[in-house]
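Reading through the structure tokens given below for one structure.
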Amino acid sequence: MNTSTTFPRFIAAGEALTDLIRGDGDAWHAKVGGATWNVARVMAKLGIPSAFAGAVSRDCFGDELVEASRAAGLDLRFLQQNAHSPLLAVVHQTNPPAYFFVGDDSADLHFDPAQLPAGWLSRDIWLHFGGISLARPRLANTLLQLARDARAIGAKISFDPNFRVLMNEDYDPVLREMAQLADVIKVSDEDLRGLFRTDDEAAAFATLRSWNPQALYLYTRGAAGASLYHGDAHWQQTPPQMKVVDTVGAGDASMGGLIWSLMQHPQADGATHLRHAVAAGSLACTRAGANPPEAAELCELYKVLSATLLQTG
């Protein structure tokens, strides 16, 4: 348990929400979620003292997110509850996915960094951003300032845009500034097509890298594997042959696996970090829902992948 003077090493700031998923007929199912919240859970499962910094509602939806955060071992000092409405993702069709968000003045928009524990922000932490939180102007302004403050004191910043339908032309300046602030950026092929509104993924990725050439980039392509880019060097890795249950949370797990590797093995090369990222994402696909791996199984699969890494560049 954290004391009043001990803070998490990893903090994800953004949205925690409830997915309302339509099943057969008129049946609806509620599931806790949120891209940034999921990454905080991944890091906690991997044994890193972690927190989610954001706000949820003071009702059945918010209470469930608080309890799920507690069960995940997150530091609850960073999770705020207020009397505003819940943020909901209404998934009215699953194949192919079709969804929209409900939350015009919802709790997440009222997140207040001034209410976080005094002295929490230091150069010794990782701070993660992404998801739809940065596509919601009021919250985006708050989070961008938080990222600027973190950059100013030398804290590490990771960023996974995680493209959603809210990210139109109005999101472009936020995308560019966050990319320029980040030390580590994860993006998928689907993200690139959506964020840059193009089918030319290579050109979109080149544009993204041009905004921050010094950053470390994790580029994932589903079953085709992933690549890691840093300066002029890059590494490629195909995933292992495993039975896929679903891909929910795989991207968040791979982001967590990469950050965990960077934190645990800061002197290692890109090959090592990429193996951990791919191992974490692959393990997430072997179980239903956003169910991240533990460090022991991550390390075991890492050993398997070690023999298949290809480095180029």
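The values are calculated or read from the model by the stated rules, or taken from the named source; none is laboratory data. Small disclaimer: the values here were computed from a predicted structure and weren't measured. A quick note on method: Cβ atoms are made from the backbone with ideal geometry, for glycine too, and the neighbour counts reach across all protein chains shown.
At a glance:
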| quantity | calculated |
| --- | --- |
| Strands (runs of 3 or more DSSP E) completely within the range 1-56 that count 2 or more residues being in contact (Cβ under 8 Å) with a residue 12 or more places away in the chain and surrounded by fewer than 20 Cβ atoms within 10 Å (Cβ to Cβ) | 17-22, 28-33 |
| Out of A250, A268, A215, A224, sole residue that is over 26 Å from T286 (Cβ atoms) and of a type in the set (A, V, I, L, M, F, W, C) | A215 |
| Selected residue (criterion: nearest to R136 (Cα to Cα)) from residues of the range 75-89 that are free of Cβ contacts under 8 Å to residues at least 60 places away in the same chain and of a type in the set (A, V, I, L, M, F, W, C) | A83 |
| In the range 214-241, residue nearest to S306 (Cα to Cα) [restricted to those that are in contact (Cβ under 8 Å) with a residue 60 or more places away in the chain and of a type in the set (S, T, N, Q)] | Q237 |
| Selected residue [touching a residue at least 60 places away in the same chain (Cβ under 8 Å), of a type in the set (S, T, Y) and surrounded by 14 or more Cβ atoms within 10 Å (Cβ to Cβ)] from S106, S133, S122, S69 | S133 |
| The range 50-67, residues that are under 17 Å from the mean Cα position of the chain (by Cα) and of a type in the set (G, A, S) | S50, A51, A53, G54, A55 |
| Filtered residues of the range 94-104 (kept if more than 18 Å from M167 (Cα to Cα) and part of a loop (DSSP other than H, G, I, E, B)) | N95, P96 |
| Scope the range 212-260; condition of a type in the set (S, T, Y), modelled with pLDDT of 95 or more and farther than 29 Å from I21 by Cα; matching residues | Y217, S227, Y229 |
